[in-house]
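The values are calculated or read from the model by the stated rules, or taken from the named source; none is laboratory data. Note that the structure is predicted; figures quoted are calculated from it, not measured. So basically every Cβ, Gly included, is an ideal-geometry build from the backbone, and we count neighbours across all protein chains shown. Just so you know, the surface numbers come from the protein's heavy atoms only, side chains and all, with ligands and any DNA or RNA stripped out. Shrake-Rupley method; radii C 1.70, N 1.55, O 1.52, S 1.80 Å.
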Amino acid sequence: MHQNHLIDLSDWPRQNWERIIDLALEIERDPSAFYGRMEGKILATLFYEPSTRTQNSFKSAMMRLGGQCLGFSNPQNSSVSKGETLADTIRIMNGYADIIAIRHPKEGAAKAAASYSRCPVINAGDGGHLHPTQTLTDLVTLTRETGRLDNLKVGICGDLKYGRTVHSLIKALTQFPNNEFILISTKELVIPAYIKVILNAAGCKYREVASLTEVIGELDVLYMTRIQQERFASEQEYLEQKHVYILDTEKMSLARPTMKVLHPLPRVDEITPEVDADPRAVYFKQAQYGVYTRMALILNLLEDDSFGASLFHGTPHSGEPCSNPNCITNVEPYLKKSYTETGDMLMCEYCEHKKLI
């Protein structure tokens, strides 16, 4: 089975990230030089959740490389609506495509898909868990706009609980020296415990605060996020959080002249339109860098076998359900459960949720 997947950046050594970053910046200088490299290849985009940027960024990347695309953007327009399992969808797509990008509302779905695939699978977002191609885009953006990936004070503001882009970015930046994080959220949307474990294990300084205004002047980077309505159990819970953090020109006046503002997009009201004209706002550039990043990723996954990684490292536990109700194993029950032991805890290898042994 082909193992050149991207499920979690942590599966790869850092030099692989750096190769993607370097190639993305090379592509940025002359995208036309790479046209034709994927001629005759097909990308399948399987999007079980709505997407504008990520799905079209993948399609643009493949087409700019001379390849073609197929797939779906609404599972109700596919055999999923008839009850087809994730495993069967992947097996069928293996006969149609050379590489698959999948977005799914259930955590661990991309890893589950990869376990049934003969071609490379790219995680384009799995529930509130991870979004590694956005993180690669963020790393390219930071490299291009700040000139470094170390010695940064990074403020992350908004939905830190469900924000998969946040989780992936923090995990990545802990691998570079002397990065410090200021985590800005309400008490209802604080960072999950497993991310704090990663921060502590890496020896990264971080602190949790409720006020953006009080800390914006300290930051090298401000990473704003949308409050995600689709992750809340009720509309009322969403509305209570929606307008808490809004970046406007008044707050920007408190920031350093060199601070950069990133956002994975889409935005709702968390950044006012007036901020767009500020040269420190680089989120639209960030979206463009995403095309070059995904071009570099596709090239490496289909042309270089050294990007392989083992999917599972734990011990199968048949019949033991994951305690996370949003884990893919709880909606696709045929999947083999797999856990790693950390002290007195079992961690699900699909969604990274932990439970006591």
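Listed values, structure above:
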read-out	value
Cα-based convex hull volume of the stretch 139-222 per residue, rounded to whole Å³	84
FRET efficiency estimate (nearest 0.05) - Cβ-Cβ, T258 to Q76, R0 41 angstrom	0.30
Shape of the stretch 14-100, Cα gyration tensor, a/c cut at 1.5	prolate
For the chain: relative contact order, % (alpha-carbon pairs under 8 angstrom, 6 or more apart)	19
Two-site FRET efficiency, V331 against V268, from Cβ-Cβ distance with R₀ of 30 Å, rounded to 0.05	0.60
Trypsin sites (Lys or Arg not before Pro) restricted to the stretch 254-328 and DSSP loop, no more than 12 other C-beta within 10 Å	none
Hits among aspartates and glutamates - C-alpha to C-alpha of K111 under 15 Å, sequence gap 8 or more where chains match	D8, D11, D88, D126, E332, E349, E352
Mean Kyte hydropathy of 0.0 or more with a Cα span along the axis of at least 27 Å, helices from DSSP in the chain	283-303
Mean separation of Cα contacts under 8 Å (6+ apart) over length of the stretch 265-340, as relative contact order %	22
Total formal charge among the other residues, if their Cβ is under 9 angstrom from that of M347, Lys/Arg +1 and Asp/Glu -1	-1
The stretch 132-172: trypsin sites (Lys or Arg not before Pro) falling in loop per DSSP and having at most 14 other Cβ within 10 Å	R148
Point-charge dipole on Cβ atoms (K/R +1, D/E -1) for the stretch 40-142, about Cα centre, debye to 20	200
Carbon plus sulfur fraction of accessible area for the stretch 267-357, probe 1.4 Å, in percent	56
Residue order for S211, S253 - accessible surface, 1.4 angstrom probe, largest first	S253, S211
Cα gyration tensor, the stretch 105-154 - rounded (a/c under 1.5), prolate or oblate	prolate
Exposed GluC sites (Glu not before Pro) absent: longest stretch of the chain, with sites in DSSP loops and at most 16 other Cβ within 10 Å deemed exposed	85-357
S306 - accessible surface, heavy atoms, 1.4 Å probe, Å² rounded to 10	70
Residues listed by number, the stretch 181-221, amide nitrogen under 11 Å from D344 label point at 7 Å toward C-beta	none
Estimated [θ] at 222 nm from DSSP helical runs (n ≥ 4, -39500 (n - 2.57)) normalised by residues in the chain, nearest 500	-9500 deg cm²/dmol
Average Cα contact separation per residue, the stretch 128-206, under 8 Å, 6 or more apart, as relative contact order %	33
Rounded to the nearest 10 Å², the accessible area of C119 at probe 1.4 Å	10
Among the listed pairs K187/K336; K260/K355; K171/K336; K59/K82; K285/K336; K161/K251, those beyond 31 Å (Cα-Cα)	K187/K336; K260/K355; K285/K336
